[in-house]
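Throughout, read-outs are computed from the coordinates displayed, never taken from laboratory work. The structure presented is a predicted model; accordingly, all values stated were derived computationally and were not measured. Note that we place each Cβ from the backbone using ideal geometry, even for glycine, and neighbour counts take in every protein chain shown.
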Amino acid sequence: MILEHNSTLSENTKKSAELFEKACEVIPGGVTANIKYFAPHPLMMEKGKGSKLYDVDGNEYIDYLLCYGALILGHGHQKVFEAVTKQMLESGTTIFGTPHEMEIKMAEKLIELYSGIEMVRYTNSGLEATLLAIRTAVAYTGKPKLAKFEGHYHGGYDQVLVSVNPDMDKAGDPKAPKSVGESRGLPDYYIENTVVLPFNDLESTEKILRAHAHELAGVILEPIQGGFIPAEQEFMDGLRKLTEELNIVLIFDEVKTGFRLSIGGAQKIYNIKPDITALGKVLGGGFPVGAIGGKKEIMMITSARGGRDILTAGAKNTDKRDPLYHSGTYNGHPTILAAGLATIDVLEKEGTMDDLFAKTQSLRKQLEDVYKKHGLSMQTVGMGSIFNIILSENPIKNYRDMEKADMKLRKEIDYELLKLGVYTKPLNRYSMSVVHTENDILRTVEAHDEAIKRVLK
């Protein structure tokens with residue numbers, strides 16, 4: 001069990017290592033999502049409760065990964081369990097396969113909370129939500145191409161696996177980034193038809209958008225890149241004004257930021273109404289979910305009423321319009337919506353979000369103090385209940401600024417933190433939950449102090 005940097009993972013994770021080797025025999029690479037892997041082996045978890053995870057070797061961790069931010073109430077929250085159990089017992093089934101009232105309740109709640117949402121459609125993941133958002137933008141505008149920002153991730157499918165983490169020698173001019181494919185198997189079509197923009201650079205973005213306006217259906221972005229690099233207000237205001245002028249649909253990917261920056265997402269913080277919003281993660285209360293919402297005139301493009309039935313052989317389609325086709329057996333799953341509504345109900349309780357943000361700020365401040373004590377240049381970068389640890393003094397405004405950070409030292413510290421019972425995937429951002437305690441924060445700060453000592457020694 002030798003790490004890439006030649007130190008060892010704790011001897012107390014032997015069972016994780018054994019299970020990972022077993023997994024490799026039946027699962028390519030041992031994991032079912034690339035993001036779950038890290039060397040020499042990921043930790044195999046067995047239980048979760050509150051702010052803690054427990055691996056198969058019985059080790060306890062304070063969890064800051066929280067299923068990449070989805071578990072804002074922590075593991076196994078009583079309100080979520082009660083809502084899910086109540087739904088299944090009262091309905092007598094886990095799913096109807098038909099419309100049901102809870103779909104309406106969740107849609108009404110999202111319309112109430114998100115300024116850019118007037119109508120809602122459900123998907124099964126954040127990936128599916130961004131996919132549907134892009135298809136809707138193309139159908140609405142009649143234009144074929146998409147613009148995305150360098151360093152932004154919108155799901156693991158062909159159309160957006162472009163310039164997420166490109167090598168600098170391939171990425172081109174920072175003011176006019178090249179479109180770089182990020183996976184084997186991508187058709188050249190998507191690389192050639194995806195326009196890449198520089199985040200937080202309004203002048204350069206405007207120049208590119210004006211040059212391609214005649215062919216761009218939409219611009220999609222994470223308002224907080226990677227969940228931790230905030231857009232500047234001036235940049236967001238300018239982008240909204242520009243996309244309106246050029247008839248380009250503005251898509252906010254709030255899969256990471258929904259409910260984590262405010263109860264109404266990033267759009268509430270920036271006071272901007274996107275044309276389409278994609279949601280996921282927190283919305284499902286720990287279950288797989290996605291949704292898009294947006295302006296009524298745009299969302300009505302997805303309506304099944306009056307459209308051709310493309311799945312029923314022999315169905316008469318005379319005088320029926322071609323549909324924007326979108327479907328999914330599990331869309332609007334009642335068990336998942338019950339979990340999501342219960343989560344939102346907890347977050348809406350007076351003081352809950354304020355307390356969550358206060359704890360996040362407390363942890364950030366104490367961590368910055370610890371690194372400063374050891375003479376290390378470190379800043380926490382983020383907003384709301386998510387942030388990242390960046391070992392650099394330089395301002396972090398976009399993907400390329402991360403090149404200036406000391407990622408090697410950060411990685412070494414992260415591996416020591418795993419041994420000390422603080423869990424996030426090495427180099428990943430931190431997500432807080434409403435159930436993290438002051439003692440969790442104290443233990444986390446002490447663990448960072450010890451991890452830095454070990455690495456510097």
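What to note about this one:
- Cα-centre dipole for the chain with unit charges at Cβ (Lys and Arg positive, Asp and Glu negative), debye to 20: 320
- Distance between the range 158-192 and the range 422-457 - C-alpha centres, whole angstrom: 34
- Ranking 299, 280, 399 by Cα position along the charge dipole of the chain, where only Lys, Arg, Asp and Glu carry charges on their C-beta atoms, puts 299 farthest toward the positive end.
- Cα-based shape type of the range 182-227, given that a ≥ b ≥ c are square roots of the gyration tensor eigenvalues and the cut on a/c is 1.5: oblate
- FRET efficiency, residue 203 to residue 358 (Cβ-Cβ, R0 35 Å, nearest 0.05): 0.45
- Using θ = phi - 60° in the Karplus curve 6.51 cos²θ - 1.76 cosθ + 1.60, the 3J(HN,Hα) couplings for the range 214-220 round to 5, 10, 9, 6, x, 10, 10 Hz; x is entered for Gly and Pro.
- Once both labels are positioned 7 Å from their Cα atoms along Cα-to-Cβ, the gap between residue 322 and residue 141 label points is 1.9 nm.
- Unit charges on C-beta of K, R, D, E only; dipole of the range 78-348, Debye: 560
- For 209, 279, order by how many other beta-carbon atoms lie within 10 Å, fewest first: 209, 279
- A crude spin-label estimate for the pair residue 94 and residue 456, with each label 7 Å from Cα along the Cβ direction, gives 5.1 nm.
- For the chain, calculated [θ]222 nm from helices alone, where every DSSP H run of n ≥ 4 adds -39500 (n - 2.57): -11500 deg cm²/dmol
- In this simple spin-label approximation, residue 168 and residue 45 carry label points 7 Å from Cα along the Cα→Cβ vector, and these lie 3.4 nm apart.
- For the range 212-320: rounded, prolate or oblate by the Cα gyration tensor [a/c cutoff 1.5]: oblate
- The ranking of 47, 148, 296 by Cβ neighbour count inside 10 Å, starting from the fewest, reads 296, 47, 148.
- Summing charges over all other residues whose Cβ lies under 15 Å from the Cβ of residue 419, with Lys and Arg as +1 and Asp and Glu as -1, gives -3.
- Rounded to the nearest 20 debye, the dipole size of the range 204-280 about its Cα centre is 160 debye, using +1 on the Cβ of Lys and Arg and -1 on the Cβ of Asp and Glu.
- Candidates 427, 442, 385 compared by Cα position along the dipole of the range 384-446: farthest toward the positive end lies 427, with charges placed on Cβ.
- Inverse of mean 1/r across different Cα pairs in the range 304-457, Kirkwood, Å: 19.3
- Each residue of the range 109-123 was assigned a 3J(HN,Hα) from its phi angle through the Karplus expression (A = 6.51, B = -1.76, C = 1.60, θ = phi - 60°), giving 5, 5, 5, 5, 8, 10, 5, x, 10, 10, 9, 10, 9, 9, 9 Hz with x at Gly and Pro.
- The average projected area of the range 22-149, computed from the convex hull of its Cα atoms over all directions, is 12.7 nm².
- For the pair the range 72-132 / the range 230-287, the C-alpha centres are spaced 20 Å from each other.
- Taking Lys and Arg as +1 and Asp and Glu as -1, the other residues whose beta-carbon sits under 15 Å from that of residue 405 total 0.
- Listed residues 156, 42, 68: farthest to the positive end of the dipole of the chain (Cβ charges): 156
- Ordering 374, 152, 326 by the number of other Cβ atoms within 10 Å of each residue's own Cβ, fewest first, gives 374, 326, 152.
- Whole-Å semi-axes of the ellipsoid equivalent to the chain (Cα gyration tensor, √5λ, descending): 36, 28, 22
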